[in-house]
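One structure is given below, encoded as structure tokens.
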Amino acid sequence: MQIKTARRLLMFFMIVAVALALIGLIFLEPGTVISVYVTLISFGCMVAAIIILLGYCKCPWCGKRITANLMKAEYCPHCKKDFETGLKHKGRR
């Protein structure tokens, strides 16, 4: 899976999990069947986000996991290669 696809899926599952948790807390009465289902779906989305983060958010060139600044990263912080082109990033010295 490409890093862009992993980022999009990670963000989608995180947003859905937080939205469902807020809906369950604010609008649903505690102890009802639907609130239990919403809570379980929210936990499922969070688990899916963690699996994507730990399993698929890796550099395509060196294979190391990228967790810090994943949503803003344009190049690998370990090998300094661009995610799309594979060229070395030339930063400030």
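Readers should treat all values here as calculations from the given coordinates under stated rules, not as data from a laboratory. Note that the structure is predicted; figures quoted are calculated from it, not measured. Note that we place each Cβ from the backbone using ideal geometry, even for glycine, and neighbour counts take in every protein chain shown.
So the values come out like this:
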| item | result |
| --- | --- |
| Computed FRET value (nearest 0.05) for Leu28 with Leu70, which takes r as the C-beta separation and R₀ as 35 Å | 0.65 |
| Point-to-point label distance, Val18-Cys62, nm (Cα→Cβ direction, 7 Å offset) | 2.9 nm |
| Cα-based equivalent ellipsoid, the stretch 5-93: semi-axes from gyration tensor eigenvalues, Å | 37, 11, 8 |
| Share of alpha-carbon pairs per 10 Å distance bin for the stretch 50-93, given as whole % | 30, 55, 13, 2 |
| Added length on full extension, which subtracts the Cα-Cα distance from 0.36 nm per residue, Leu40 to His78 | 10.0 nm |
| Ellipsoid equivalent to the stretch 3-56 - semi-axes via the Cα gyration tensor, in Å | 25, 10, 6 |
| The chain: Cys lacking any partner C-beta under 4.7 angstrom | Cys45, Cys57 |
